[in-house]
Amino acid sequence: MCDYSKYPPNWRSEIVPFIRNRALNCCEKCGIPNGTIKENGSTVILMTAHLDHDHWNLDIQVERLRYWCQKCHLRYDLTSHIRRRKYGKLYEKNNLKLF
């Protein structure tokens, strides 16, 4: 569940609809339409992806946001998820130098 208290007040009323309309309600990476029923019976749900992975960044800019399906979003976030699992979820905020 998303904690919308961490987002700007116009996140759901203006920003997400703008991103959705820009993408024509399709994944901006693979092109699958929102709500598509896949062969296994699951429904494709598109979501807004933050390209900078910075959950503390309150300077929301549409250039750093994409409308992606779960598959594309998870692939993009894979490295970040692995690092967070290995080093803790605050590693980005603390600027931990990994390499």
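Here residue 3 meets each of (1) under 14 Å from the mean Cα position of the chain (by Cα); (2) surrounded by 13 or more Cβ atoms within 10 Å (Cβ to Cβ); (3) over 16 Å from residue 65 (Cβ atoms) with one exception, condition (2). Annotation note: Cβ proximity below 9 Å between a residue of segment 6-23 that is farther than 13 Å from residue 50 by Cα and a residue that is assigned to a helix (DSSP H, G or I) (sequence gap 6+ or interchain) occurs for 8/14; 8/15; 12/4; 18/62; 22/62.
With the condition kept exactly as written, say whether any residue in segment 28-38 is under 29 Å from residue 84 (Cα atoms), surrounded by fewer than 14 Cβ atoms within 10 Å (Cβ to Cβ), in contact with a Ser or Thr (Cβ under 9 Å, 6 or more places away or on another chain) and without any contact (Cβ under 8 Å) to a residue 40 or more places away in the chain. There is no residue in segment 28-38 that is under 29 Å from residue 84 (Cα atoms), surrounded by fewer than 14 Cβ atoms within 10 Å (Cβ to Cβ), in contact with a Ser or Thr (Cβ under 9 Å, 6 or more places away or on another chain) and without any contact (Cβ under 8 Å) to a residue 40 or more places away in the chain.
Being within 11 Å of the chain's Cα centre (by Cα), in a helix (DSSP H, G or I) and not hydrophobic (A, V, I, L, M, F, W, C) is a condition met by at least one residue of segment 44-67.
Bear in mind these aren't lab numbers, they're just calculated from the coordinates by the rules spelled out. Remember, predicted model here, so these are calculated numbers, not experimental data. For neighbour counting, all protein chains shown are included, and Cβ atoms are generated from backbone atoms with ideal geometry for every residue, glycine included.
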